[in-house]
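Working notes for the structure below.
All of the numbers you see were taken from the coordinates with simple rules; none came from a lab. Nothing here was measured: the structure is a model prediction, and the numbers come from that model. Counting neighbours? That spans all protein chains shown, and the Cβs are built from the backbone with ideal geometry, glycine included.
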Amino acid sequence: MLSFFGSGSGSAASPTSVSSSSSSSSTPDLQQTESVNETTTTPPPSSSTISSSSSSHIPPGPPKLDFEQLSQTHSEQGISGAANNLFNQVVLSNPYFAAGGGLMLLGTSLALARQGIQRASSFVYRQMLVDLEIPSKDKSYMWFLEWMSQYKQRSSRHLSVETSFVQHDNGASTTTFSLVPGPGKHLIKYKGAYMLINRERSGKLLDMTSGTPFETVTLTTLYRDRALFQDLLTEAKTMALKASEGKTVIYTSWGPEWRPFGQPKKKRMIDSVILDSGIKEGIVDDVRGFLKSGKWYFERGIPYRRGYLLYGPPGSGKTSFIQALAGELDYNICILNLSEANLTDDRLNHLMNHIPQRSLLLLEDIDAAFNQRDQTDSSGYKSGVTFSGLLNALDGVASSEETITFMTTNHPEKLDPAILRPGRIDYRMLIDNASPYQIKEMFLRFYEGESEKADEFVAKAAELGVAISTAQLQGLFVYNKNDPQAALDMIETLKTPNHVF
Ligand SMILES: Nc1ncnc2c1ncn2[C@@H]1O[C@H](COP(=O)(O)OP(=O)(O)O)[C@@H](O)[C@H]1O
Ligand SMILES: [Mg+2]
């Protein structure tokens, strides 16, 4: 190609000069070239024949530029005209460019068509199908899985198991399995409509509060059946609430989060806990009053929380009363034992700031935080909660909802006065060993209408001259079910607090 430009203007662009220049390397050839050049300057009669014959044996190469025409257009139409012309000559008359352009066009149109089909199908999808996404953070997520596990008309081949495992103090354990739909796709027929259910783990994302991967369940159904989502969720919710209706959910700490401990327990009737006269009523009234005064607290900018301390000897009904109170108020209960081995200040703080809705917080054995130095349990572990950690956690609870904290201890004398400050503990009450009043009430609760024997029992108990806990009384009465006389006869056993019947 260069040779075209090198050989100047005019008809030098003749095929002969191309073929000759490519072979010219020696002097004789040079002379020959010159002669050829000479011949070309005077237009030979056979010029056209040469070019036609040469094009027949030279493979179809790059197109030839007609410089005459180019320079002509340049003078006639200016630079743009020349450029246009050049483009036409280079691109359109070039078989490679032409083929490439064709392919490009084909590719573009195919891509467009594909996009079109995709758009159309997603349009159809949007018009005809509806998705409902339930993320694992949502409350209805567990309800839905539970509902699915009990729904008959489904075809799921991947199940996953959710085990509730409870290790009891005596070493025995109770385990219940519930088979819920596992990750993957499931098809169900609900009220005559098909629904595709897709349970997905969203890979790398972790729910920081529980350490479990985030999941979503997506329900897909026909657009016309979309109202069924509402029905389905309502059904799932009703089912879940029925299971815990009239019951108290007990939460215990599980790492950094609260988890229901076993199945919801039947509410304990507040009447079944017998405290000395007036104590129960006093506490219940105080809590109710507190629950009513949210506005008052917010208007004054005071944290909406109240702390209660129940102290007294073991087995006097502190824990039982708080559980019964939760049932009475229709609250759940979160129990945390401060003497628990691996509880740290951080965990305590986190847990206290993430209490499930409508729950009482029960901190058992708070004295455990005050006797750090000598507090090691049988396995040699030290409780990690420190005094200041407990105070900070109590002060730091910043919930937009009410926070009711109950604390219990058997050793009020060990408590540092700092915790008794209002705002940490606002209400204190001694729950003591059984008073004569309590002994009588307990007796009558177990042996209805036996008031004569009850008085006799109270008198005999006083003669024993020892403190008797309500837990001891319960032990004696349970052993002598339906036999008040036998209970009377065995009253001596109350002398030993840990008597085994
Ligand atoms: N005042 C009480 N009224 C009814 N039952 C009681 C009472 N005190 C203790 N009990 C029974 O004794 C057992 C232990 O009571 P608990 O509430 O755990 O005592 P505490 O927490 O004060 O150590 C429970 O089974 C409970 O039913
Ligand atoms: Mg207790």
Alpha-carbon centroid distance for the pair segment 231-257 / segment 398-412, whole angstrom: 23
Extension gain from N498 to S388, taking 0.36 nm per residue of separation minus the Cα-Cα distance: 36.1 nm
Protection proxy ranking, peptides 319-326, 117-124, average beta carbon neighbours within 10 Å, highest first: 319-326, 117-124
Peptide ranges 95-105, 297-307 listed from the most packed, as the mean C-beta count within 10 angstrom indicates: 297-307, 95-105
For P484, net neighbour charge (Lys/Arg +1, Asp/Glu -1) across residues whose Cβ lies under 11 Å away: -4
Likely footprinting exposure, S388, S400, fewest C-beta neighbours within 10 Å first: S400, S388
16 Å reach of a label modelled at A398, 7 Å along Cα-to-Cβ, counting backbone N of segment 286-313: 301-305
Length released on extending from S339 to A459, taking residue separation times 0.36 nm less the Cα-Cα span: 39.4 nm
Under-5 Å amide H pairs with R305, H placed in peptide plane, nonlocal only: T403
Sorted largest first, extent of segment 284-420 alpha carbons per principal axis (Å): 47, 30, 27
Neighbour-count order for V385, V284, V161, V180, fewest beta carbons within 10 angstrom listed first: V161, V284, V180, V385
Spherically averaged projected area in nm², based on the convex hull that wraps the Cα atoms of segment 268-356: 7.4
Distant-in-sequence amide H partners of G384 (H built 1.01 Å from N, under 5 Å): L343
Residues of type lysines that K440 reaches as a straight line, Cα spacing below 27 Å, ignoring anything fewer than 8 places off in the same chain: K266, K267, K280, K318, K453, K460, K481, K495
Förster-model FRET efficiency, 25 Å R0, T216 and S121, C-beta, rounded to 0.05: 0.65
Ranked R126, R347, criterion: other C-beta atoms within 10 Å, fewest first: R126, R347
